[in-house]
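Down below is the structure, laid out as structure tokens.
Only the coordinates and a few stated rules stand behind these numbers; no lab work does. Since the structure is predicted, the reported quantities are computational estimates derived from the model, not experimental observations.
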Amino acid sequence: MERLPRFPSDADVVAEEAARFRGLSPAQRIAAIRSVVAAGELLLARSPRREYLQQYRQFQEDLARRAVKEFTERHAERL
């Protein structure tokens, strides 16, 4: 009986992608990141849940800003 090809594990795929990314020049890395961000923006713009997603993203950004501000305030006092 012939063996079917084995699909790579998720971990193998991620490791290959990470190695490929590390092999890029800094300019190529930035271009790759911009490409992913642009694809995400396009998906958001075309989504029927666009309003909800924009509100959710804004909420997450506000949480991140607050966390950084609180961290900075807490640790800046020690300096």
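Worth a mention:
- Using θ = phi - 60° in the Karplus curve 6.51 cos²θ - 1.76 cosθ + 1.60, the 3J(HN,Hα) couplings for segment 37-46 round to 4, 5, 5, x, 4, 5, 4, 4, 5, 9 Hz; x is entered for Gly and Pro.
- Tensor-based shape of segment 1-45 (alpha-carbon gyration tensor, a/c under 1.5 rounded, otherwise prolate or oblate): oblate
- Which label in (1) 38, 19, 8; (2) 42, 13, 9; (3) 36, 23, 16 gives the computed semi-axes √(5λ) of the Cα gyration tensor in Å: (3)
- Expected 222 nm ellipticity per residue - DSSP helices of 4 or more, -39500 (n - 2.57), all of the chain, to 500: -26500 deg cm²/dmol
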